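A.B. asks: Provided herewith is a single structure, encoded as structure tokens, for subsequent inquiry.
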Amino acid sequence: MASITIRNLDDEVKTRLRIRAASNGRSMEEEARTILRAAVEERAEPRNLARAIRARFEPLGGVELELPVREPVREPPIFDGASS
């Protein structure tokens, strides 16, 4: 197995990693391995704006909107050069 050294890690990041590791019952080293493993295994899906918006607001609850009644489509104007 390979090993890496991470220099200049912010104290706040280290503290949060330590807390996250403790809450998951792991060492900081194992927590870092888990995070790195998950980050490189993620497959990039094409971004879907509608799905991203729905995921952001879904926890807040739904909204029922009253949709207006649609009217029939009008005939398009004719531009044939003849004046009425």
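The values are calculated or read from the model by the stated rules, or taken from the named source; none is laboratory data. Just so you know, these numbers come straight off a predicted model, no measurement behind them. Cβ atoms come from the backbone with ideal geometry, glycine included; neighbour counts cover every protein chain shown.
A.B. asks: Please find, within the range 23-67, the residue that is farthest from the chain's Cα centre (by Cα) out of those that are surrounded by 10 or more Cβ atoms within 10 Å (Cβ to Cβ), under 20 Å from residue 2 (Cβ atoms) and of a type in the set (A, V, I, L, M).
C.D. replies: 28
A.B. asks: Check off (1) of a type outside the set (Gly, Ala, Ser); (2) loosely packed, with under 10 Cβ neighbours inside 10 Å; (3) within 30 Å of residue 3 (Cα to Cα); (4) at pLDDT 85 or above for residue 20 and give me the number that stays unchecked.
C.D. replies: (2)
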